1. Just to check your reading of the model, which residue among 135, 146 is assigned to a loop (DSSP other than H, G, I, E, B), farther than 18 Å from residue 270 by Cα and in contact (Cβ under 8 Å) with a residue 12 or more places away in the chain?
2. When residue 197 is evaluated against the numbered criteria (1) at pLDDT below 95; (2) in contact with a strand residue (DSSP E or B) (Cβ under 9 Å, 6 or more places away or on another chain), which criterion, by number, is the only one it fails?
3. Can you tell me which residues in the range 100-111 are crowded, with 21+ Cβ neighbours inside 10 Å and at pLDDT 95 or above?
4. Go through the residues of the range 171-184 one by one and say whether even a single one is modelled with pLDDT under 95 and farther than 13 Å from residue 153 by Cβ.
5. State whether one or more residues within the range 116-129 are part of a loop (DSSP other than H, G, I, E, B) and out of contact with any helix residue (DSSP H, G or I) (no Cβ under 8 Å at 6 or more places or on another chain).
6. Considering each residue of the range 213-234, count those that are out of contact with any helix residue (DSSP H, G or I) (no Cβ under 9 Å at 6 or more places or on another chain), surrounded by 22 or more Cβ atoms within 10 Å (Cβ to Cβ) and in a loop (DSSP other than H, G, I, E, B), and give that number.
7. Give just the number: which of (1) crowded, with 19+ Cβ neighbours inside 10 Å; (2) on the phi > 0 side of the Ramachandran plot does residue 123 not satisfy?
8. Say we look at the range 186-212 and pick out the residues that are surrounded by fewer than 14 Cβ atoms within 10 Å (Cβ to Cβ) and free of Cβ contacts under 8 Å to residues at least 60 places away in the same chain; which of these is nearest to residue 152 (Cα to Cα)?
């Protein structure tokens, strides 16, 4: 049995389920398109003393059958997928960027996702590692209900520890909420769900929303933080008129000085130097080939 990180032992009281009746577990080998609905399972504490939350049979079977780590597609340089999650950090709501470079489901406790990643704040890039601990899973009633692609919401807690060797490193802790749909007939079976009308969405329309605080390791300084997969869906509930317009969303000029002046630039700051060099070489080869083909035509 896999030995879990000792740091998880400090996460609070052991979660207990409150359901009065438990349905028999679904078969882990059942096909995705016939997955049984998942009943709401609400626990009382956010941070367990033991690292593993107590899950209902339905939730346990669902998590064994469906890999929630695929909600974060693999990060690769030059990919069409932009993995950067944006948010506010500190009382002044300055921009912070967060990327999960690796998400792995625990082999023993499927409600625990082990993550590594990086954040960028005011040009400083800091690696981190930690856990996302899911303790609730329920059927969701999003708009445009589709029986063939059922919707779900998951809730839990997270702890992300910045590299202690970095200056001013600290620890992020708080609540995480995920809204997603099941697409059994498509390549990416699970996908985050976003909405500009967040009623009924646990993640407030942001797909994956993380909200909590950061504590400095050395000084104990605390800062509030919130970020999301689609932060535009969340930002206006915190700063009035942060995102303006409806079709082509624009950041309100009065907030641009808070680190949002380069929001539309995808510089792949999270990628390793070697990967960026390789991608630049590939881009250069394609550019040269295109120029050569164009000169031959002319």
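1. Checking each option against the conditions leaves just 146.
2. (2)
3. 100
4. Yes, that holds for at least one residue.
5. Yes; the residues of the range 116-129 include at least one that is part of a loop (DSSP other than H, G, I, E, B) and out of contact with any helix residue (DSSP H, G or I) (no Cβ under 8 Å at 6 or more places or on another chain).
6. Looking only at that region, the number is 1.
7. (1)
8. Looking at residues that are surrounded by fewer than 14 Cβ atoms within 10 Å (Cβ to Cβ) and free of Cβ contacts under 8 Å to residues at least 60 places away in the same chain, I get 199.
The values are calculated or read from the model by the stated rules, or taken from the named source; none is laboratory data. Note that the structure is a prediction, hence the values are computed from the model and not measured. No Cβ is skipped: glycine too gets one built from the backbone with ideal geometry, and neighbour counts run over all protein chains shown.
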